[in-house]
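Take a look at the structure set out below.
The values are calculated or read from the model by the stated rules, or taken from the named source; none is laboratory data. Note that this is a predicted model, so its numbers are computed, not measured. Counting neighbours? That spans all protein chains shown, and the Cβs are built from the backbone with ideal geometry, glycine included.
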């Protein structure tokens, strides 16, 4: 599915270049399912609260939890990541080629600045041969970079439930230097009680052209979220009584989190006769504190430092052969402490340990063109992931220890071109270790849960892509076999905290369809549909046999329809509808979540002057006032599955762009 601000032409598959595959190539030559979303779909008239606003139209990608900033966005791609009740699991997230995913496989999106995002690439399906641990799919975000005339851009927005956002962006180029700096602050009181959020982000990107063949990219990001309250999941009775209410213990214990993070990244690229080299190096510091709705160990304090370096070299084409090889070295250093939570007041320390994760990976990717119509691709990666815990809380014994996982990840694919159409068939593998958080022992002791194993997956896929005039469409069919799938559950003694177990085996079958049409008179349409059948094959836990049960947290059917119009006189409108089918909230499928349909509308107008560009906009979320839950907590204790979504709500804003050099800078490319 190709969703860009420009027109779709017959040769679109050749025009659009993707880099998330580590072999920079056109969509025509990529034997994988990849979706690309452009700047207009990301930024134009959106609230910019979460990635789901821009990625709703991507098939196979199911997202929840836009409105609970203490739990983070829940992102699932072909079922990978669905287990998470906190943060993102099973997917690799990158921003400007710098990983947001930790070596242990946990990722967060709270530091991603959508207000300066230029495009997003979504690689759908397992990709451990490319990126190693937790690569059930890849989301690569690329920030804007100033070009030609410099400009300054200010934006203000406000809406229901205390929504307020202000941002200032400056971008341009000067000689060999291109730059972009964006600062934004967002506040939200929230639809539910105890759901207030407050955060600010500064995101910047600089490109320095060192010579005709050499370029240095620098990125800096600072994120400060002093308040993200957690209203918690509620049961069906409370949902019926008051949808906007919070779970009482979450209020009493002041459940929520605060975080402060800084990230510095550098990417060096050089293009020589013999090939292209890319080097990356990054450092990130994260201070995190959270309060869970129970006493013993309910307050968490985490100081995290993670960093890494990597290299990849793309050899000059050797006849019909393209070849890329490289390595990744990433390290994670966590100082984790737990204290009693005495009704929101920090109590006695009950847990203190250092958790270290080291990840090393070597990879090679290649493609050989067998003929003008046929191409064969293959990849291989070897990874070592080592977990090392040093227990400092010795009152209950020394729980220090080491876990190490080694894994080979191959992939193989075949491409066949028919004019503007492409057919591909592929096989790829992935592995996913438990994260440091998921390795917590259910008995409350320190150290790591030695009984957990990595989750392994094999993905078989056949896909078809076609581009004709103003129409693009694609169809993908896949089957995934999994072993030791990681499944969350809760305990009565620690409500709101998830522990994990391995399922014996499970399988996933799915169909993904997407279509994009761009008319000549400003009309456009985007359609996507996903059918999935994700089931446990063998899974016995605590004497319960879940074999044959559907995997919780994911609907069998979900889809998207978006209709847009943009006139030459500056008026624009977008109407979009999302459908989510029925799904289950627990392993035994005794609790089901009803299907729902939500619709949104965005209206905008643009005035252009010699140096000024002004765009006011209005948005309406959930136009038809559908009652649904924006998040479901899987296997929550006592049936507390539901996090209700807001009712119909409105927001409005204005963006003012001023060309600093005397010529106007378009608001959206």
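Those strands (runs of 3 or more DSSP E) of the range 580-669 in which 3 or more residues are touching a strand residue (DSSP E or B) at 6+ places or on another chain (Cβ under 6 Å) and over 30 Å from residue 533 (Cβ atoms) occupy 596-605, 612-621, 649-659.
Within the range 519-536, if we keep just the residues that are at pLDDT 90 or above and crowded, with 23+ Cβ neighbours inside 10 Å, the residue that is nearest to residue 82 (Cα to Cα) turns out to be 534.
Okay, residues lined up against (1) in a loop (DSSP other than H, G, I, E, B); (2) under 27 Å from residue 106 (Cα atoms); (3) touching a helix residue (DSSP H, G or I) at 6+ places or on another chain (Cβ under 7 Å):
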{"position": "359", "(1), (2), (3)": "no, yes, no"}
{"position": "377", "(1), (2), (3)": "no, no, no"}
{"position": "386", "(1), (2), (3)": "no, yes, no"}
{"position": "398", "(1), (2), (3)": "yes, yes, no"}
{"position": "402", "(1), (2), (3)": "no, yes, no"}
{"position": "408", "(1), (2), (3)": "no, yes, no"}
{"position": "416", "(1), (2), (3)": "no, no, no"}
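If a residue must be part of a strand (DSSP E or B) and touching a residue at least 24 places away in the same chain (Cβ under 8 Å), how many such residues does the range 145-169 contain? So the count comes out to 14. Note on the range 315-331: among residues that are crowded, with 20+ Cβ neighbours inside 10 Å and at pLDDT below 95, the one that is nearest to residue 134 (Cα to Cα) is 324. Among the residues that make up the range 297-311, is at least one of them part of a strand (DSSP E or B) and closer than 19 Å to residue 271 by Cα? The answer is yes; a qualifying residue exists. Looking across 528, 494, 535, 524, one residue alone is out of contact with any helix residue (DSSP H, G or I) (no Cβ under 7 Å at 6 or more places or on another chain), in a strand (DSSP E or B), in contact (Cβ under 8 Å) with a residue 24 or more places away in the chain and closer than 26 Å to residue 640 by Cα. It is 535. On the stretch given as the range 474-491, residues that are closer than 19 Å to residue 428 by Cα and in a strand (DSSP E or B) total 9.
Of the numbered criteria (1) surrounded by fewer than 18 Cβ atoms within 10 Å (Cβ to Cβ); (2) farther than 29 Å from residue 195 by Cβ, the one residue 287 fails is (2). The C-beta contact set for the range 114-130 (first residue in contact (Cβ under 8 Å) with a residue 12 or more places away in the chain and at positive phi, second residue crowded, with 24+ Cβ neighbours inside 10 Å and assigned to a strand (DSSP E or B), distance under 7 angstrom, 6+ apart or interchain) comprises 125/33; 125/137; 125/428; 125/459; 125/461. Of the residues in the range 187-194, at least one is in contact with a helix residue (DSSP H, G or I) (Cβ under 6 Å, 6 or more places away or on another chain) and modelled with pLDDT of 95 or more. For residue 381, the stated conditions do not hold, so it cannot be described as surrounded by fewer than 22 Cβ atoms within 10 Å (Cβ to Cβ), modelled with pLDDT of 95 or more, under 24 Å from the mean Cα position of the chain (by Cα) and in a strand (DSSP E or B). Checked against the criterion of being in a strand (DSSP E or B), at pLDDT below 90 and over 21 Å from residue 508 (Cα atoms), the range 106-117 has at least one qualifying residue.
Here is the figure for the range 192-212: residues that are more than 23 Å from residue 223 (Cβ to Cβ) and crowded, with 20+ Cβ neighbours inside 10 Å total 1.
Check the range 565-585 and report whether any residue there is within 29 Å of residue 454 (Cβ to Cβ), surrounded by fewer than 17 Cβ atoms within 10 Å (Cβ to Cβ) and within 23 Å of the chain's Cα centre (by Cα). For the range 565-585, residues within 29 Å of residue 454 (Cβ to Cβ), surrounded by fewer than 17 Cβ atoms within 10 Å (Cβ to Cβ) and within 23 Å of the chain's Cα centre (by Cα): absent. Taken residue by residue, the range 289-306 has no member that is at positive phi and without any contact (Cβ under 8 Å) to a residue 40 or more places away in the chain. Taken together, 117, 107, 127 contain a single residue that is touching a strand residue (DSSP E or B) at 6+ places or on another chain (Cβ under 8 Å) and closer than 13 Å to residue 409 by Cβ, which is 127. Answer yes or no as to whether residue 430 is over 25 Å from the mean Cα position of the chain (by Cα) and either closer than 23 Å to residue 500 by Cα or not in a strand (DSSP E or B) (or both). When the stated conditions are applied, residue 430 does not pass them. Check the range 441-455 and report whether any residue there is under 25 Å from the mean Cα position of the chain (by Cα) and farther than 24 Å from residue 537 by Cβ. Looking for residues that are under 25 Å from the mean Cα position of the chain (by Cα) and farther than 24 Å from residue 537 by Cβ, one finds none in the range 441-455, hence no.
Are any residues in the range 70-83 in a loop (DSSP other than H, G, I, E, B) and either over 27 Å from residue 599 (Cβ atoms) or over 14 Å from the mean Cα position of the chain (by Cα) (or both), and if so, which ones? 70, 83 - these are the residues of the range 70-83 that are in a loop (DSSP other than H, G, I, E, B) and either over 27 Å from residue 599 (Cβ atoms) or over 14 Å from the mean Cα position of the chain (by Cα) (or both).
Scanning the range 500-507 finds one or more residues that are in a strand (DSSP E or B) and either at pLDDT 90 or above or at positive phi (or both).
The residue of the range 111-148 that is surrounded by the fewest Cβ atoms within 10 Å (Cβ to Cβ), among those that are touching a helix residue (DSSP H, G or I) at 6+ places or on another chain (Cβ under 8 Å) and more than 17 Å from residue 77 (Cα to Cα), is 118. All told, residue 220 falls short of being surrounded by 16 or more Cβ atoms within 10 Å (Cβ to Cβ), assigned to a strand (DSSP E or B) and at pLDDT 95 or above. For residue 539, the conditions (1) surrounded by fewer than 18 Cβ atoms within 10 Å (Cβ to Cβ); (2) under 30 Å from residue 457 (Cβ atoms); (3) more than 24 Å from the chain's Cα centre (by Cα) all hold with the exception of (1).
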